Structures are given as C-alpha cells and as structure tokens.
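What follows is a short report on a single structure.
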Amino acid sequence: MGTVEELKTVGSSVVRRLRKQKLDNGRPFLIWSDKLPKNQSYLEYPDHSIKVVTVSQDLNSFTVVRELTKTQEKAVRIEFNLF
C-alpha cells in the first residue's frame, strides 16, 4: 500500500476523472465542502455554473439555495483544484 500522499494523489486523480466524465455527459457534479453548513454542498453544472444546494437525506434530490457569482465559482475551483 502507498503512502498517504500517494493515496491522496490517486484519489484526487480519480475524482477529477469522474467530474470530467459527469460534466461531459451533461450531468452535474456534487462537491462536498467543510466550509458549507452540514446539509449543503456545491453542485457544478455542465455549463460551468456552480450553485449551493441542500441535499435530501436519501441523497436522491436537492434544493438550490443560491447561485454563485463568477468570482465565487473561481474561488471554489481554486479551493478544490478543479481547473
């Protein structure tokens, strides 16, 4: 088994690949963040917009809380290294 850093690198690579695959297929990508309230997440759409959403307990639906500005979207992408 690899070091913690190797596992982080592999994990990040897998997440980036999944994100690209979902967005390329026209589906949104959910981004969990410790900086948001417990029941909220970011949802990135194929058009590259990002919204804050509340995810249902069964994880099958969500409600949009607010849409981010372009500046906020950029900050989220920087924070999660999503370029």
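The values are calculated or read from the model by the stated rules, or taken from the named source; none is laboratory data. Bear in mind the structure is a predicted one, so any value in this text is a computation, not a measurement. Positions of Cβ are generated from backbone atoms using ideal geometry, with glycine treated the same way; all protein chains shown enter the neighbour counts. These area figures cover heavy atoms from the full protein model, side chains too; ligands, DNA and RNA do not enter into them. Shrake-Rupley method; radii C 1.70, N 1.55, O 1.52, S 1.80 Å.
Identify all residues within region 19-64 that are farther than 21 Å from F83 by Cα, loosely packed, with under 15 Cβ neighbours inside 10 Å and not hydroxyl-bearing (S, T, Y); write none if there are none. Matches in region 19-64: P37, K38, N39, Q57, D58, L59, N60, V64.
For region 65-83, a residue qualifies if it is open to solvent by 80 Å² or more (accessible area, probe 1.4 Å) and closer than 14 Å to S49 by Cβ, and the qualifying residues are R66, E67, K70, T71, K74. A Cβ distance below 8 Å, combined with a sequence gap of six or more or placement on separate chains, defines the contacts here; from region 67-83, residues that are farther than 17 Å from P46 by Cβ and in contact (Cβ under 8 Å) with a residue 40 or more places away in the chain reach residues that are open to solvent by less than 100 Å² (accessible area, probe 1.4 Å) and in a helix (DSSP H, G or I) in the pairs N81/S12. Filtered by the rule that a residue be assigned to a helix (DSSP H, G or I) and among the hydrophobic types (A, V, I, L, M, F, W, C), region 9-33 gives V10, V14, V15, L18, L23.
Is it the case that Q57 is among the polar types (S, T, N, Q) and part of a helix (DSSP H, G or I)? No; evaluated as a whole, the condition is false for this residue. I need a count of the residues in region 24-39 that are over 16 Å from A75 (Cβ atoms) and in contact (Cβ under 8 Å) with a residue 24 or more places away in the chain. Number of matching residues: 1.
The combined condition, being hydroxyl-bearing (S, T, Y), more than 19 Å from L82 (Cα to Cα) and free of Cβ contacts under 8 Å to residues at least 24 places away in the same chain, is not fulfilled by T9.
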